[in-house]
1. Which of these values of log10 I(q)/I(0) by the Debye sum over Cα atoms at q = 0.09 Å⁻¹ was calculated from the structure shown: (1) -0.61; (2) -0.56; (3) -0.41?
2. Roughly how many nanometres apart are two label points built 7 Å out from the Cα toward the Cβ at Leu185 and Lys118?
3. Return the Cα extents of region 7-86 along principal axes one, two and three, sorted largest first, each rounded to a whole Å.
4. Report the GluC sites (Glu not before Pro) located in region 147-203 that are in a DSSP loop and have at most 13 other Cβ atoms inside 10 Å of their Cβ, or state none.
5. For region 249-308, just run the numbers: alpha carbon Rg, then divide by 2.2 N^0.38 Å, N being how many residues it has.
6. For Glu109 and Ser165, compute 0.36 nm times the residue count separating them, minus their Cα-Cα distance, and round to one decimal in nm.
7. So between Met305 and Gln47, what do we pick up on full extension, going 0.36 nm a residue minus the alpha carbon distance?
8. Just how large is the dipole of region 113-288 about the Cα centre, in debye to the nearest 20, putting +1 at every Lys and Arg Cβ and -1 at every Asp and Glu Cβ?
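Derivation of every value follows stated rules applied to the coordinates shown; laboratory data play no part. Predicted model only: the values in this text are computed from it and were never measured. Every residue, glycine as well, gets a Cβ built from its backbone with ideal geometry; the counts of neighbours run over all protein chains shown.
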Amino acid sequence: MLKQMTISEVITLWKTDKKQYVKKSSFSAYVLLIENHILPEFGNECQLSESRVQDFIFRKLDQGLSQKTVKDMLIVLKMILKFGVKNQWLRDSPLDIRFPTEREKQHIEVLSKSQQKKIMQHIQQHFTFRNLGIYICLSTGLRIGEVCALSWEDVDTDMGIIRVSKSIQRIYTIENEIRKTELILDTPKTKNSIREIPISRDLLRLLKPIKKIMNPAFFVLTNEQKPTEPRTYRSYYQKFMEELNMTGLKFHGLRHSFATRCIESNCDYKTVSVLLGHSNISTTLNLYVHPNMEQKKKAIDKMAMALK
């Protein structure tokens, strides 16, 4: 027997259930999408038609939101609807939602080899713990939250590895209609993000003498018990790059640059994927493996030779 509820009522019950199973950061992201987009649009309704949801999707894209953000909204909405149907609070109405074809491939911003060398040489000559974090990211591909969470106990100079097992991020929380932010130290993005990364020779030369005198519990970027948060470190990075006349590259570009250098060095794609902590190799392939013109010409030449 169907006990009809509004989407808003289902969301309240769904949040109570979902909170038990997902990470705090994931739950926070869901709630933000619900409060900002889903509730204002569908909260008072008891049934959603495919055309109604399709119209919502197109309007959000027209407002300038990225396809990823809008797709995340749809994922959350579908989870809520599925939960409502399962508990017989909503009628089942499958949604086949379409997105416009993305004509342009996303361009990955990376440092050139000469730019990367310039940065790394500058850090060697102007050492600070925050500068060291930039060097570490270029040498390991760590995400900003991972390097902010890195402590000296994670740096094993004897084995020559850095252990990535935690991440820092500031999340938005909404409780009793009160919005606030909270800094959390948690496990990284996915289980694949928990990984061990070999330390390059140049980085090891920097780290070995320092590690001997460091408190293992202190964070690398601050050399204190208290960490720096990603937003603060991103601002520091931007000023650092301005001093070197290299504006325009986002912090995540350091990770892209690491991955690109690995691919350029003919590392096998699976190894690059594991080093980056990607959930699957297809993410690595889609982001970084794009044949250049020289490789394309070689392929055409091989094909032509085969015909002779």
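1. (1)
2. So the label points at Leu185 and Lys118 sit 3.6 nm apart.
3. 35, 27, 18
4. When the GluC sites (Glu not before Pro) of region 147-203 are filtered for loop state and at most 13 Cβ neighbours within 10 Å, Glu177 remain.
5. 1.40
6. Taking Glu109 through Ser165 to full extension adds about 17.5 nm, to one decimal.
7. 86.7 nm
8. 340
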